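Engineer: One structure, pasted below without further comment.
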Amino acid sequence: MTEQNEQPMDEFLDDPLADPDDALARLTAERDEMRDKWMRALADAENSRKRADKDRRDAENYGGSRLARDLLPVHDALTRALDAAGEEQRTAAAALIEGVELTLRELSNVFTKHGITIIRPEPGDKFDPTHHEAMFEAPVPGTVAGHIIQVMDNGFMLHDRLLRPAKVGVSSTPAS
């Protein structure tokens, strides 16, 4: 052993006034402090692991939200094209209409595969500000205030997050 290693031990042994209970109390306090630091480090490591897992899951579920948001107008355009086609156009351009229908169906399947759902409010449904965007408010006789009277655009959800609210008109209290 070196002199450095022996010296603290020698000091303790040579000091007749040193109380072994004080030394034990000091060592116990030091042990408790080290145990506390160790437990905190373990808790920090566990919290970091949980945070990394959550970040990974969020990246998997919501990483493509910008792309999904960019595809919503494509869905809207295909839906409007089919809605605008009258019976005459459907018979004259049956193959084209069928192609648009197949494209819309395939896009809808891709949406479903990636957790995108369509919010389809109906007139008479109660207005929900978490899923609907009020484009206008009008007093319409025979309706209940706060209920949807017209739907302009469907909304979309990505898993549990709103991609785009449904655009609706809402009934207000009719004027007396």
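Where a number appears in this text, it was derived from the coordinates with a stated rule and is not lab data. Treat the numbers as computed from the prediction; the structure is a model and nothing was measured. Backbone-built Cβ (ideal geometry, glycine too); neighbour counts: all protein chains shown.
Engineer: Out of all the residues in segment 146-161, is one or more more than 16 Å from Ala68 (Cβ to Cβ) and polar (S, T, N, Q)?
Structural biologist: Let us first name the residues in segment 146-161 that are more than 16 Å from Ala68 (Cβ to Cβ), namely 146-152.
Those left that are additionally polar (S, T, N, Q): 150.
Within segment 146-161, one or more residues are more than 16 Å from Ala68 (Cβ to Cβ) and polar (S, T, N, Q).
Engineer: I'd like the residue in segment 67-90 that is surrounded by 10 or more Cβ atoms within 10 Å (Cβ to Cβ) and without any contact (Cβ under 8 Å) to a residue 12 or more places away in the chain and, out of all such residues, is nearest to Leu163 (Cα to Cα).
Structural biologist: Selected residue: Asp70.
Engineer: Right, another one. Residue by residue through segment 123-165, note down the ones that are more than 18 Å from the chain's Cα centre (by Cα) and among the aliphatic types (A, V, I, L, M).
Structural biologist: Hits for segment 123-165 are Ala134, Met135, Ala138, Val140, Val144, Ala145, Ile148, Ile149, Val151, Met152.
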